[in-house]
Amino acid sequence: KDIPGTSAVSPGSSKECAPDRESPAGTGEADYCRRILVRDAKGTIREIVLPKGLDLDRPKRTRTSFTAEQLYRLELEFQRCQYVVGRERTELARQLNLSETQVR
């Protein structure tokens, strides 16, 4: 469906979600794309093409709130060595009661 003033594929985007003439459903659309309509602040409706693998319904991960002590220790370690890996990361995470991913 064409909507005046909109674009099915944004400039500079890859052709991965371009219409697929061999689509099994015969819709002329790639089966790995998801099209959504959004209304911007001016009230203009735009069509956005996104990969179906992008899970828009999943809630965002909450941002970690570090304590002042955790931040202080993390900053000290960063000044000492910017890349804490292996046993050092595991030990620091244990001491600060954080996951290794959070220490990373």
Item to check | Selected residue (criterion: surrounded by the fewest Cβ atoms within 10 Å (Cβ to Cβ)) from residues of region 76-86 that are under 19 Å from Asn97 (Cβ atoms) and under 26 Å from the mean Cα position of the chain (by Cα) | outcome: Phe78
Checklist outcome for this item: In region 36-68, anything modelled with pLDDT under 85 and open to solvent by 70 Å² or more (accessible area, probe 1.4 Å) is listed as Lys52, Gly53, Leu54, Asp55, Leu56, Asp57, Arg58, Pro59, Lys60, Arg61, Thr62, Arg63
Checklist entry - Regarding Thr6, is this residue over 22 Å from the mean Cα position of the chain (by Cα), open to solvent by less than 80 Å² (accessible area, probe 1.4 Å), modelled with pLDDT under 50 and of a type in the set (S, T, N, Q)? => result yes
Next on the checklist: Restricting to region 81-99, name every residue that is in a loop (DSSP other than H, G, I, E, B), at pLDDT below 90 and of a type outside the set (Ser, Thr, Tyr).
Outcome noted: Cys81, Gln82, Val84, Val85
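The values are calculated or read from the model by the stated rules, or taken from the named source; none is laboratory data. As the structure is a computational prediction, the values presented were derived from the model and not from experiment. Neighbour counts are summed over all protein chains in view; Cβ atoms, including those assigned to glycine, are modelled from backbone coordinates with ideal geometry. Ligands, DNA and RNA are excluded from the accessible area calculation, which covers all protein heavy atoms including side chains. Shrake-Rupley method; radii C 1.70, N 1.55, O 1.52, S 1.80 Å.
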